[in-house]
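Nothing in this text is a laboratory measurement; each read-out follows from the coordinates by a stated rule. Just so it is clear, the model here is predicted, and its values are computed rather than measured. Heads up, the Cβs are rebuilt from the backbone with ideal geometry, glycines too, and the neighbour counts pull from every protein chain shown.
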Amino acid sequence: MSIFKDSQELDTVMEQLWTKIRQDPEMSKPLLESKLIVTFHYRHPETKLTIDCSNGEDFHIITGENQVKPIIELFMKADIAHDFWLGKVNVPMALLSGKIVSKGPINKALALLPTVKPAFKLYPSIIKDLNIKTHP
Amino acid sequence: MNQFVFSNSTNVVFTYDFIEYIIDKLDDLNVNNLLLLTDEGLSQQQLFKDFYQSLQNLKIPTTLYDKVKSDAQIAVVEEISRLAIANDCQLIIAIGGGSVIDTAKLVNISLTHKDTSIMNYQGINLLESALKPLWVIPTTAGTGSEVSLVAVAKDESSNKKIFFGSHYLSSELAILDPNLLVTLPKFLTAATGLDAVTHAIEAYTASNCNSPITDALCIESLKKLFAYLPTACQDPSNIEARENTLVASTMAGIAFSNSGVGVVHALAHSIGAMFNTHHGATNAVFLIPGIKFNCQEASRFYDTLSVNVFNDKKANHVDLITTIDNLLNTVQLPKSLKSLGVPELSKALLDELATTALVDPSIMFNPVELNLDDLKQIILTAYN
């Protein structure tokens, strides 16, 4: 059973998280400088999230289907995303074991990791505020 | 112990007569068109000519491409793919070093999907189904590409290495024949051998993903390489040395496919893409500086490796470094970037090289986290 009850709940969590990342210059500045467009494809529940930093000035958070062509695409179960934002995923192992699939330049995807790490501290409060019950 | 996943989907065959083995195997199969890949140097050798003639005798239509370049190149992959798709090849046989084998892996993606745009498949775990059968015959002992799940190619337009990784990418069959190595020049024997040494050391110390299985492979591989690589360089026709280094390379290849590599490979990829230096020789230059850096925080991994490799409870990372240094002297490989032919590095160039290494996929397996300054320092240390 997934942490998230449905796609809408997952969308809400990810939108709130990325809005906080956008508001934090420590994280948003390098993301904007990268001009990356990343699409996360989640399953169980299924949804899609695109972070578009391509104009270098502001980044767009788009949930669901859209016409933006991503540079990197990452595919994973929603629970893996949840564990990732809690800082509990061994990313190399997740890649080796096939739990995360990446399309596009993997080096650009990896460059994102240290940039978004400060968000690990923000995520638990989002989950708590939305009253999402997590497994022990 | 780490949680771990270990897999190896390649059948490994060791033989002293790869031609007989393949011809016998093909005789049992109904292959209508075969793609044979090699490089120009190898295609001129008698052993290859004998192999090609044996295929002709079997009357299997064969598409031969014998101009694979060193460093798998995207443009070459696309050129071969067009040929293979047009001829509807059903089996790929690649005979050569890591570049030939990596090229074959990427051609296999295009051939199977009938899509010559190989960049569409750039990524990790992206392939969703099995590819066409790929048989590989390594002619160097070092890259481990015959059993690995990855392929690295160079995009000439950006001078960057492009990474492809998938369980479906690995070959169906790897045929190890030490007779193919006896004509390998001393420099290539040494450089590819040091690539294997680096695989074994980095796979053992990749503390996020290593396992008792990969550890055992690394230890045995290193024992063989330290014992036999000097002889393989000094006495090229010594079959005992050739077979042991060949098997050691494959063992290290299986190990790093399951646990990863580290900072030495990340730096070698960055330098190699920029200056076209030989991958194994570049690893050799970075190996000691990389170990010394990691030992500041993680010497315990190198200490246990040394205890096991040298069968000495008192051995530690210093013994490992000394052994590598002696090996580099014996096989006469360059010990600095300068002697490898890398021009003096400007500040901007140093920044670019370190930045590229920082986001190289290899670095995520390194036992110690590095920043840009750490990488610049290792490059500068390795320079002179």
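What the table shows:
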{"read-out": "Compactness of chain B as Cα Rg over 2.2 N^0.38 Å, two decimals", "value": "0.94"}
{"read-out": "Lys, Arg +1 and Asp, Glu -1 on Cβ, resulting dipole of the protein assembly as shown about Cα centre, debye, nearest 20", "value": "660 debye"}
{"read-out": "Between helix B:18-27 and chain B: long-axis angle, C-alpha atoms, 0 to 90°, nearest 10", "value": "40 degrees"}
{"read-out": "Fraction of the pair-distance distribution of the range A:7-127 above 24 Å, Cα-Cα pairs, percent", "value": "17 percent"}
{"read-out": "Cα long-axis angle, helix B:263-275 against chain B (0 to 90 degrees, to the nearest 10)", "value": "60 degrees"}
{"read-out": "Long-range Cα-Cα pairs in the range B:11-179 (distance over 25 Å), rounded percent", "value": "24 percent"}
{"read-out": "Rounded to 5, the percent of DSSP beta bridges in chain B classed as antiparallel", "value": "20 percent"}
{"read-out": "Reciprocal mean inverse distance between Cα atoms of the range B:67-146 - Kirkwood radius, Å", "value": "12.7 Å"}
{"read-out": "Qualifying GluC sites (Glu not before Pro) for the range B:127-168 [loop in DSSP, other Cβ within 10 Å: at most 15]", "value": "B:Glu128, B:Glu156"}
{"read-out": "Net dipole in debye of the range A:1-115 [+1 Lys, Arg Cβ; -1 Asp, Glu Cβ; about Cα centre; nearest 20]", "value": "380 debye"}
{"read-out": "Gain upon complete extension [A:Lys77, A:His60; 0.36 nm per residue less C-alpha separation]", "value": "3.8 nm"}
{"read-out": "Loop-resident sites, the range B:8-108, for trypsin sites (Lys or Arg not before Pro), counting at most 12 other Cβ within 10 Å (DSSP)", "value": "B:Lys59"}
{"read-out": "Using a Förster distance of 56 Å, the FRET efficiency for B:Asn87-A:Lys133 (Cβ separation, nearest 0.05)", "value": "0.45"}
{"read-out": "Size descriptor, Kirkwood hydrodynamic radius, that averages inverse alpha-carbon separations across the range B:224-327, Å", "value": "15.0 Å"}
{"read-out": "Percent of Cα-Cα distances greater than 16 Å, calculated over the range B:340-384", "value": "36 percent"}
{"read-out": "Full-stretch length increase - B:Gln296, B:Ala348 - with 0.36 nm per residue and alpha-carbon distance subtracted", "value": "16.0 nm"}
{"read-out": "Cα shape, the range B:185-383, gyration tensor, a/c 1.5 rule", "value": "oblate"}
{"read-out": "The protein assembly as shown - Rg (one decimal) and Dmax (whole number), Cα, Å", "value": "23.5, 74"}
{"read-out": "Cα gyration tensor shape for the range B:120-221, rounded if a/c is under 1.5, else prolate or oblate", "value": "rounded"}
{"read-out": "Shielding score for A:89-99, defined as the mean number of other chain Cβ atoms within 10 Å", "value": "6"}
{"read-out": "Stretchable slack from B:Ser158 to B:Gln56, in nm (0.36 nm times residue separation minus alpha-carbon distance)", "value": "32.7 nm"}
{"read-out": "The protein assembly as shown - share of DSSP beta bridges that are antiparallel (%, nearest 5)", "value": "45 percent"}
{"read-out": "Tensor-based shape of the range B:72-113 (alpha-carbon gyration tensor, a/c under 1.5 rounded, otherwise prolate or oblate)", "value": "oblate"}
{"read-out": "Given chain A, longest segment not containing exposed loop GluC sites (Glu not before Pro) (DSSP; at most 14 other Cβ within 10 Å)", "value": "A:66-136"}
{"read-out": "Nitroxide proxy distance, nm - points 7 Å out along Cα→Cβ at B:Val318 and B:Thr15", "value": "5.0 nm"}
{"read-out": "For chain B, with +1 on Lys and Arg beta carbons and -1 on Asp and Glu, the positive-most of B:Ala382, B:Asn57, B:Ile22 along the dipole", "value": "B:Ala382"}
{"read-out": "Dipole magnitude of the range B:276-320, debye to nearest 20 (Cβ charges: Lys/Arg +1, Asp/Glu -1, about Cα centre)", "value": "40 debye"}
{"read-out": "Ranked packing of A:103-112, B:195-204, most packed first, by mean Cβ within 10 Å", "value": "B:195-204, A:103-112"}
{"read-out": "Inter-label distance, nm, simple model (7 Å from Cα along the C-beta direction), B:Lys67/B:Asp325", "value": "4.7 nm"}
